[in-house]
Amino acid sequence: MRTLSGRDWVLLVLVTLFWGINWPIMKIGVTAFPPLTFRTLCMIGAIPTIWLAARMSGTSLRISKEQVGLVAKLAVSNMMIWHFFVILGVKMLSSGRAAILGYTMPVWAVLSGLLFFRERVTPMAWLGVSCAMAGALLLLSSEFATIAGQPLGSALVLLAAAGWGYGTVALRKSKIQMPTLAITFWMISMTTVVMAAGAIAFESSLWRWPDAVEWGAIVFNAVIVFGFAHVVWFRLARTLPPIASSLSIMMIPIVGVFSGAWILGETPHWQDYAAMLLILAAMSTVLLKPGSKATD
């Protein structure tokens, strides 16, 4: 596996920053706007952006009839569950708290590997699961203890993270022979249909034209988060040293917490800092594997 060039490091830092600051940006987008409709508009804008990226890179987006069912199955956990429930949770929680809970995903991936794919879980991974659960329970107890708390929001983000964790393992285990960019394009396209159906069913009576700030959040998600960050991440992920990708993922909730404080004036409480430390510890036991060697 090659080392990262200076350009690669710049791209990796940008992806981490964009994904991190998107938590408060999503919060801005859904504070006074229907959340499912917001996410649907983001994805509608993302589809031509990713199509253009594929066209410019010469990546084929062709999908066979045999692959449609498998891609749809992968989209349910990787995209549909994640995007549906996380955007509802973001509306109910502070953006920093949602980011912390959302990035319990690597731990859910470990549990999914054990429960559904019979993967072996190391003692260190079990320690990570315990830390993540302790952090999540700390935030849940804090929500219950607050008069204006939203424990349902925390539960929704945890459900989203669990779905994403399962989907990550399922995607890794799948035998699908398609470029990653093509899989992403079709998963987002399928998810857009589901999100649009949810928006029509639950939010059509709340529809209105987004204001300038909401349009800004929509465009940022469509172009920067989906069109740039997703595309660059999938390109780098094939050649990233494990330590680089792991540290990048671990930095995202930290950026989310402090950008929420900076952009939205959110005040993290001691429970947020304690939970962030617990979940970072959990992620380190799952993602960072000192002494591991490539077997390629």
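By the count of neighbouring beta-carbon atoms within 10 Å, fewest first, 173, 91, 73 end up ordered 173, 73, 91. The label-point distance for residue 115 and residue 203, in a model that sets each label 7 Å from Cα toward Cβ, rounds to 2.8 nm. Of the DSSP H helices in the chain, those with a Cα length along their own long axis of 24 Å or more and a mean Kyte-Doolittle hydropathy reaching 1.6 comprise 242-264. Note on residue 173 and residue 193: with the Förster distance fixed at 25 Å, the Cβ-Cβ geometry gives a FRET efficiency of about 0.50.
Note on residue 211 and residue 13: the model spin-label points, each 7 Å out from Cα along the C-beta direction, lie 3.5 nm apart. Mean residue ellipticity, 222 nm, helices only, the chain: the sum of -39500 (n - 2.57) across DSSP H runs of n ≥ 4, divided by residue count and rounded to 500, is -24500 deg cm²/dmol.
Values in this text are rule-based calculations from the coordinates and carry no lab data. No experiment lies behind these values; they were computed from the predicted model shown. When we count neighbours, we look across all protein chains shown, and the Cβ atoms used for this are built from the backbone with ideal geometry, even at glycine.
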